[in-house]
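These notes concern the structure reproduced below.
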Amino acid sequence: MFWSDTISKRVGVKYPVIQAPMFGVSTIQMVAAAARADCLGSLALGDLSSNESTELIRATKKLTDKPFAVNIFAHYIPEITDALKDQFFKTKNFLEQLAKENNIEVKLPDLSALTINGYHELIDVIIEEECKIVSFTFGNLDDQSIQKLKENEVTLIGTCTSVKEAVILEKSGIDIICVQGTEAGGHRGTFDPDYVPQIGGLSLLSQVYDHTKVPLIYAGGIYNAKTLQAVKELGAQGFQVGNLLLASQESALEPFEKDKLKKINEDEIILMKSFSGRYARGIQNKYTEIVENSDYILPYPYQNKLTNALRKAAKSQQNLDFVGIWAGQSIHKYSELSTEDILRNLILQTMEK
Ligand SMILES: Cc1cc2nc3c(=O)[nH]c(=O)nc-3n(C[C@H](O)[C@H](O)[C@H](O)COP(=O)(O)O)c2cc1C
């Protein structure tokens, strides 16, 4: 049998193929479509509030009665110091001016107006709503949260971008590790937001396989049968795809953003920090060219919250110079079929090979 059943049995789906959580791009409809393809859908909760998360979980359950994962950000929140206040003020002024010069009318929020949510409240929501699979990124969960979730029979999937992080996750009892290669679109799941692991995806996966005993999902660059089989050969038992679904029917990207993806050139896909304060892989544009090497990048999540309104305004103008589009290194046709069809085709292709 081609597919190992360790992960699929554990999470209760037929195929160990996972629709990547993609905060801002994946939707509840995408999660349900992945479930219809007998794969594992992932509901991205990011750093939403507990009320917003409860609503989304309930809405997803209305669309599917199949298992799905909920995904949260296990990030550390830097303290608000005088230096941060000062830097926030300067960055806000700089970005407002930059927007104005580029004909984008936008008022960015003050630091005091931001709502910053940690993940702890979401642990209770996950338990109350009886979610049984949780994936997370940007660090490890604290021991108490891990214990609480385990007592409630929740399967835990942690993300690593280095062997060191994988070993930490395994030691703290995480059930499945998602090895995120550098090819991946979106944020690097790195524990330390200022560090960029230089290791390539294949080396990372093979070495995590040698250093840990937990089942591994691989995420980063899978876009067809060949890439999926290559990572299976290196020890992956689960296969997570994000970039492959960016233009799907259920993606929240706008038509002009999907069109951009279809014309994308490899030089345009870079690692950037200027939209959110954390390294993420996406499409370079005028905004990143100006801000990436400037002093106007606050630590995550402050930069992310600050630039949110700017990105929204750019989106409503269909302004490619200022929108933030995450994308992975594996350029493909960016099919606009449904997530269900794209995943079914991937599975079919893989089984035919
Ligand atoms: C638009 C976008 C948003 C993402 N948001 C999240 C997220 O909310 N949580 C998460 O764990 N990973 C997130 N990721 C990373 C994916 O889970 C996954 O690692 C990546 O998509 C796999 O590589 P690929 O894009 O080459 O398929 C995101 C990726 C993309 C492209």
Selection from region 266-312 of residues that are within 18 Å of residue 96 (Cα to Cα), touching a helix residue (DSSP H, G or I) at 6+ places or on another chain (Cβ under 7 Å) and among the hydrophobic types (A, V, I, L, M, F, W, C): 275, 290, 297, 298, 306, 310
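Condition check ((1) in the same structural domain as residue 187 (by TED's automatic domain parsing); (2) within 18 Å of residue 119 (Cα to Cα); (3) away from the ligand (no atom under 16 Å from the Cβ)) across all residues:
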position	(1), (2), (3)
1	yes, no, yes
6	yes, no, yes
9	yes, no, yes
17	yes, no, no
25	yes, no, no
66	yes, no, yes
72	yes, yes, no
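A quick yes/no check of all residues on (1) over 30 Å from residue 228 (Cα atoms); (2) assigned by TED's automatic domain parsing to the domain that holds residue 83; (3) basic (Lys, Arg); (4) assigned to a loop (DSSP other than H, G, I, E, B):
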| site | (1), (2), (3), (4) |
| --- | --- |
| 244 | no, no, no, no |
| 271 | no, yes, no, no |
| 289 | yes, yes, no, no |
| 308 | yes, yes, no, no |
| 311 | yes, yes, yes, no |
| 315 | yes, yes, yes, no |
| 321 | yes, yes, no, yes |
Test result for residue 201, closer than 25 Å to residue 134 by Cβ, within 15 Å of the ligand (Cβ to nearest atom) and touching a residue at least 40 places away in the same chain (Cβ under 8 Å): no
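Based on what the data block shows, is residue 32 away from the ligand (no atom under 16 Å from the Cβ) and either touching a strand residue (DSSP E or B) at 6+ places or on another chain (Cβ under 8 Å) or among the hydroxyl-bearing types (Ser, Thr, Tyr) (or both)? Explain how you work it out, then say what you get.
On the way: away from the ligand (no atom under 16 Å from the Cβ): yes; either touching a strand residue (DSSP E or B) at 6+ places or on another chain (Cβ under 8 Å) or among the hydroxyl-bearing types (Ser, Thr, Tyr) (or both): yes.
When the stated conditions are applied, residue 32 passes them.
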Residue pairs meeting the criteria (Cβ under 6 Å; at least 6 apart or on separate chains; first more than 12 Å from residue 95 (Cα to Cα), in region 280-296; second among the acidic types (Asp, Glu) and within 16 Å of the ligand (Cβ to nearest atom)): 283/268; 284/268
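The values are calculated or read from the model by the stated rules, or taken from the named source; none is laboratory data. Computed from a predicted structure; not experimentally measured. So basically every Cβ, Gly included, is an ideal-geometry build from the backbone, and we count neighbours across all protein chains shown.
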